[in-house]
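Notes follow once the structure below has been shown.
The values are calculated or read from the model by the stated rules, or taken from the named source; none is laboratory data. Keep in mind that this is a model prediction, so the values were computed, not measured. Neighbour counts run over all protein chains shown; Cβ positions are idealised from the backbone, glycine included.
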Amino acid sequence: MDDFEPIKKHFAKYIELTSEEEARLISFFKVKNVRKKQMIVQPDFTCKYRTYIVKGAMRAYLADDKGQTHTIAFAIEDWWISDFNSYINQVPATLFVEALEDTRVIQIDYHSEQLLMDTIPKFERFFRIAAQQSFAFLQKRMLSNLSKTAEERYDEFFQKYPSIVNRVPQYTLASYLGFTTEFLSKIRSRKK
């Protein structure tokens, strides 16, 4: 299979590309393998890449002053991940982005993305749609965190992303949902 086939299919969900535009798109991306526990973004360094997951799982997280980690996002196949504030504004990152499994990614750097959007406006449309969907998802997640119990948040996540629940370490899922690993264990044992 062509290394870029997954991302070509991903773009095709949102915009129609000519073969020339598709070739131009691919010329800006690079395939990379990331080992489990390897970081692709670290705080204080400007995030250079927007990362698309071909195979594997990653998470973005914040480490607080007490050494506690707070998972902000997960990404699996056909999802994007980055420290988007750092990437979009080209400022130092505040998040870590770590592979939870051996992961194959396709990345575009900031300047290439800007050039791509300047030369082929369809790509600006794609990244606008992606940003809108991300914003809507984050708003929904924030409202869920404010209005639902911990168990309701777990149930909602489990129903929407059952494959993630079984792929990621329990402590990362607990931190994403906003509670302790022990509390997650209690919820899981009650559900059995």
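Tabulated values for the structure
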| quantity | calculated |
| --- | --- |
| Residue within region 79-91 that is in contact with a Ser or Thr (Cβ under 8 Å, 6 or more places away or on another chain) and assigned to a strand (DSSP E or B) present | yes |
| Residue in region 170-183 that is more than 29 Å from residue 44 (Cα to Cα), in contact with a Leu (Cβ under 6 Å, 6 or more places away or on another chain) and surrounded by 12 or more Cβ atoms within 10 Å (Cβ to Cβ) present | no |
| Qualifying residue in region 96-108 (condition: over 26 Å from residue 4 (Cα atoms) and within 16 Å of the chain's Cα centre (by Cα)) | no |
| Any chance residue 64 is modelled with pLDDT of 95 or more, out of contact with any helix residue (DSSP H, G or I) (no Cβ under 7 Å at 6 or more places or on another chain) and not polar (S, T, N, Q) | no |
| Only one of 124, 113 that is under 19 Å from residue 25 (Cα atoms), surrounded by fewer than 18 Cβ atoms within 10 Å (Cβ to Cβ) and in contact with a helix residue (DSSP H, G or I) (Cβ under 9 Å, 6 or more places away or on another chain) | 124 |
| Filter result (in contact (Cβ under 8 Å) with a residue 60 or more places away in the chain and in contact with an Asp or Glu (Cβ under 7 Å, 6 or more places away or on another chain)) within region 62-101 | 70 |
| Members of region 127-159 that are hydrophobic (A, V, I, L, M, F, W, C), under 14 Å from residue 176 (Cβ atoms) and surrounded by 14 or more Cβ atoms within 10 Å (Cβ to Cβ) | 150, 157, 158 |
| Residue that is farthest from the chain's Cα centre (by Cα) [pool: residues in region 5-25 that are aliphatic (A, V, I, L, M), farther than 22 Å from residue 99 by Cα and surrounded by 15 or more Cβ atoms within 10 Å (Cβ to Cβ)] | 17 |
| Test: residue in region 29-36 that is crowded, with 19+ Cβ neighbours inside 10 Å and not aromatic (Phe, Trp, Tyr) | yes |
| Helices (runs of 4 or more DSSP H) within region 109-192 that include 2 or more residues without any contact (Cβ under 8 Å) to a residue 60 or more places away in the chain and of a type in the set (Lys, Arg) | 121-147, 150-160, 181-191 |
| Yes/no for residue 56 being within 15 Å of residue 98 (Cα to Cα) and either surrounded by 14 or more Cβ atoms within 10 Å (Cβ to Cβ) or at pLDDT below 95 (or both) | yes |
